[in-house]
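Structure, as structure tokens:
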Amino acid sequence: MERKLRIAIIGAGLGGLSAAIRLAHQGHRVKVFESNNSVGGKANSFSKNGFRFDTGPSLLTMPFVLEELFSSVNESISDYIKLEKLKITCKYFYPDNTVLDAYSNIEKFADEVSRKTDDSSKSILRYLNYSKRIYDLTAELFLFKSFSEASTFTNMQALKALININALDTMRSMHKANSKFFKDEKIIQLFDRYATYNGSNPFTAPATLNIIQHVEFGLGAFIPKEGIYSISNSLYKLAEKKNVEFQFNTKIDEIIIEKDKVKGIKTNKNEEEFDVVISNSDVTNTYEKLIPNCNSKMYRRYKKLEPSTSALVFYWGIKGIHDELETHNIIFSEDYELEFNELFNQKIIPNDPTTYIYISSKYNSKDAPKDCENWFVMVNAPYIENQNWSNEVEKTRINVMRKINSALGINIESKIEFEEILSPIEIERKTSSYKGSLYGISSNSKMAAFLRQQNRSKEYKGLYFVGGSAHPGGGIPLVVLSGKIAADLINKYES
Ligand SMILES: Cc1cc2nc3c(=O)[nH]c(=O)nc-3n(C[C@H](O)[C@H](O)[C@H](O)COP(=O)(O)OP(=O)(O)OC[C@H]3O[C@@H](n4cnc5c(N)ncnc54)[C@H](O)[C@@H]3O)c2cc1C
């Protein structure tokens, strides 16, 4: 390393922590400013009345990305986090009373599909091969590298992807592709749902996103023994070990920029000089709120792009044990197309919302008192745009309970010991996500992957971006990768 840099990171989300650990290990002086009183951002945790809840992410994929972060700083992930592969990734409930277990063993899942639906086990195996092929051709290019570096596009992998451009399936929507593979609407709906993993609409998002199914089925879905928050907490411990300095309860108000070069940061109390500033805050929020009179081209572009969806989460302390549920469960809507029309066109929470239930106490009984369960009940919500949220929440609470009661044959309201609610407004307030969107811009267009903010700003020297609204996108593994790409670029351009 040529020069020890003074690096400020705005935000202690997983992307910010990933960058902090790597850069501090390389000898740079890293200081993380976080407006909340703890690390994790969306991946946080709270406890109440003996129940513990993960606040945001619940499913971990691509654990090798986290493993790489630990090994890159000479540590072993197993000393920090106990990860286990789920045997049943998700349990699906349909309006016609079909119940499907998505076994992580692909042959077993294919067999389940052939026994309970009109599709065959062969069609599942063929489909997952197609998904794997997209992954093999694009992952290296789209996920692990910087898009702004010419070298990304001038290697064998890029050439291979270009030659096999048809296999990337960019020209049709996810739904169109899925409808070609399957005849049973239930299976089409099951695979369409993967668009929501980055807050997009399967009826418009390019079929290239069918890569996600391979990530979950082929590479596996995982759960940490102590909950998702143990990831945030372990990265915090590791960062402290590497001498990263943390300043909590400190909101950065401004990135000081002179002649298009970063000079430092400003809070409402003081100013500090830095050579490099990494924003783990939302990209649009960074341009809009942290750079005065910002005239960036990227900012103007981002303002025109459609944000990804938000979410409404009910955290319920539930009396009783429900053996009919797994750790991850989905109760599907009747009409999936209508649901996405309501989300993206009408911008309301769907009236018949596909409902996700995550119960970590199924896996770790310490997360709930005896004979109780901690239910994290989530539905997709539109990004914020003049909705009346108290009406939306009230309406959805009733709709969600109706769906649960009908799918499980119970009276859920009588079992709720306490309730907390996370709406898009709180998501925006707590994590500075633009319009409450979970994953930055949506991937509803073919070009979305190319339009994302790159990890190094070409307009402001010394400014870098990490986190779900920047390249390569949202979700735990991708934001951890954003930290790696940003750290590599800083060493290349700033040291
Ligand atoms: C309800 C929900 C469910 C999800 N489910 C999954 C899932 O199952 N699997 C999955 O992989 N992903 C999931 N995600 C997405 C995943 O949580 C995010 O992609 C990831 O955690 C975002 O990390 P990040 O680095 O972008 O930082 P964020 O979590 O967005 O954190 C940014 C941090 O920066 C701080 N900050 C912002 N501005 C400032 C400022 N000006 N000054 C100081 N601090 C500031 C914020 O306080 C925050 O702590 C989910 C998200 C939510 C909300």
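The values are calculated or read from the model by the stated rules, or taken from the named source; none is laboratory data. All of these numbers come straight from a predicted model, not from anything done at the bench. Here the Cβ positions follow ideal geometry from the backbone for every residue, glycine too, while neighbour counts run over all protein chains shown. Areas reflect the complete protein model, heavy atoms only, side chains present, ligands, DNA and RNA absent. Shrake-Rupley method; radii C 1.70, N 1.55, O 1.52, S 1.80 Å.
List of remarks:
- Across all Cα pairs in segment 1-149, the calculated P(r) in 10 Å bins from zero up to the longest distance comes to 8, 23, 31, 22, 12, 3, 0 percent per bin.
- Entry note, the chain: the mean residue ellipticity at 222 nm calculated from DSSP H runs of n ≥ 4, each adding -39500 (n - 2.57), is -9500 deg cm²/dmol after division by the residues and rounding to the nearest 500.
- Rolling a 1.4 Å probe over the protein heavy atoms gives the chain an accessible area of 41 Å² per residue.
- Of the trypsin sites (Lys or Arg not before Pro) found in segment 17-104, those that fall in a DSSP loop while having at most 14 other beta-carbon atoms within 10 Å are LYS82, LYS87.
- To the nearest ten degrees, helix 106-116 and the longest principal axis of the Cα atoms of the chain are 40 degrees apart.
- Kirkwood hydrodynamic radius of segment 189-309, Cα pairs, Å: 18.3 Å
- Computed over the chain, the P(r) curve from all C-alpha pair distances, binned at 10 Å from the origin, holds 4, 20, 31, 28, 14, 4, 0 percent per bin.
- When its C-alpha radius of gyration is set against 2.2 N^0.38 Å (N residues), segment 428-495 gives a value of 1.14.
- Kirkwood Rh, angstrom, segment 319-468 [1 / mean 1/r, Cα pairs]: 17.8 Å
- Ratio of the Cα radius of gyration of segment 255-375 to 2.2 N^0.38 Å, where N counts its residues: 1.64
- Across segment 321-373, the convex hull enclosing all Cα atoms gives 93 Å³ per residue.
- With a Förster radius of 30 Å applied to the C-beta separation of GLU324 and ILE398, the computed FRET efficiency comes to 0.85.
- Rounded FRET efficiency, nearest 0.05, which uses the C-beta distance separating GLN247 from ASP111 and R0 of 51 Å: 0.40
- Working from label points 7 Å from Cα in the Cα-to-Cβ sense, the PHE46 to ILE410 distance is 2.3 nm.
- FRET efficiency, SER179 to GLU273 (Cβ-Cβ, R0 51 Å, nearest 0.05): 0.35
- Computed about the Cα centre, the dipole magnitude for the chain is approximately 1320 debye when only Lys and Arg (+1) and Asp and Glu (-1) carry charge, each at its Cβ.
- Computed over protein heavy atoms with a 1.4 Å probe, the carbon and sulfur contribution to the accessible area of the chain reaches 48%.
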